[in-house]
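The values are calculated or read from the model by the stated rules, or taken from the named source; none is laboratory data. Only a predicted model underlies this, so the values are computations on that prediction, with no experimental measurement involved. So basically every Cβ, Gly included, is an ideal-geometry build from the backbone, and we count neighbours across all protein chains shown.
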Amino acid sequence: MLPSGSVDCVFADPPYNLQLRGELRRPDDSLVDGVDDDWDKFSDFGAYDRFTRDWLTECRRLLRKDGTLWVIGAYHNIFRIGAILQDLGFWVLNDVIWRKSNPMPNFRGRRFTNAHETMIWAARSKESRYKFNYQAMKALNDDVQMRSDWLIPLCTGPERMRNQHGLKLHPTQKPEALLHRVLLTSTGHDDIVLDPFSGTGTTAVVAKRLGRHFIAIERHPAYVEAAWGRLRRTRRGSDEGIAMSPTKRDVPRIPFGNLVEQGVVPPGTHLFDRQRRVTAVVGADGTVLAGDTRGSIHQVGAAVQNAPSCNGWTFWHLEREGVLVPLDTLRAAILAGG
């Protein structure tokens, strides 16, 4: 019943077709990550393909002519999905590999550990003048072109939604950092994002945080309840003032944008020099804004000092419980696994 041509971007995380491949269970017959048969129940591959064609057809109808679609999957389903979306007229722009820094082991020990998933990014058609925020992606990656392999950890810790028994609420909850990058790549402020398999609401939460609008569709009552809880705790933000930063060659590369993606330094955070003489605001894509100067933490740090260069990691500080903490301290904590 949604009107045609009414959304700017779709992110879809459909069922993985696990049951048909007989991969729902471990060797001890326990369910993989709490997945139950009803979550992924198709009678045969033809039924899965018909289901896929139906939802992709509706997504294409809902997309504006210059809109784009992201769909994520694994070897169980992504190749079938890719063929169908091309048959429907979508134009593939990239396949992006999400490399998991902390993948689940292969329980049977008969294959490689499955350490990645594939995302297909496609325009509605070959003629679409799609949105690609190239500079934002470059800024998020320390002024280096963003590659198509993204190293982002699985959703863990406080971000992971759990039920009353302490078990994972959703078997394939995606990390917010992944959706931050997806939406920052291909949408703008006030754009409308559709997620037809919303789960616990990660797409909606990140869309709200970035100042986008969202339509989220989910049939599981527990997931819907969890999503509303997350949304109530999320403040609608803006992508104005975009953020980034470079690092030293002798230090493992952690772009400042990673801290923004992971919520360690949320968009809108104020940064200061050690004497609080200068203030900058962190943007959603990783740049910082001080007065009329915008760029990486290093570029803006140099500009406000009228200096040829600056190590933004040590120059910029943020306030924690009344104390100024250098950004380098946060980077060191992430390198140490903190």
I'm trying to understand the selection: among the residues of region 120-152, which are out of contact with any Leu (no Cβ under 9 Å at 6 or more places or on another chain) and surrounded by fewer than 16 Cβ atoms within 10 Å (Cβ to Cβ)? 126, 127, 129, 134, 135, 144, 145, 147, 148, 149, 151
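So that you can scan it fast, the table gives a plain yes or no per residue for (1) farther than 15 Å from residue 142 by Cα; (2) touching a residue at least 60 places away in the same chain (Cβ under 8 Å); (3) crowded, with 17+ Cβ neighbours inside 10 Å:
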{"residue": "273", "(1), (2), (3)": "yes, no, yes"}
{"residue": "276", "(1), (2), (3)": "yes, no, no"}
{"residue": "279", "(1), (2), (3)": "yes, no, no"}
{"residue": "284", "(1), (2), (3)": "no, yes, yes"}
{"residue": "288", "(1), (2), (3)": "no, no, yes"}
{"residue": "316", "(1), (2), (3)": "yes, no, yes"}
Failed condition for residue 335, given (1) in contact (Cβ under 8 Å) with a residue 40 or more places away in the chain; (2) crowded, with 18+ Cβ neighbours inside 10 Å; (3) on the phi < 0 side of the Ramachandran plot; (4) out of contact with any Asp or Glu (no Cβ under 6 Å at 6 or more places or on another chain), with all others met? (2)
Of the residues 212, 249, 235, which is touching an Asp or Glu at 6+ places or on another chain (Cβ under 6 Å), of a type in the set (Lys, Arg) and either under 30 Å from residue 336 (Cα atoms) or at pLDDT 95 or above (or both)? 212
Taking region 47-92 as the region of interest, how many residues are surrounded by fewer than 18 Cβ atoms within 10 Å (Cβ to Cβ), not acidic (Asp, Glu) and not in a helix (DSSP H, G or I)? 8
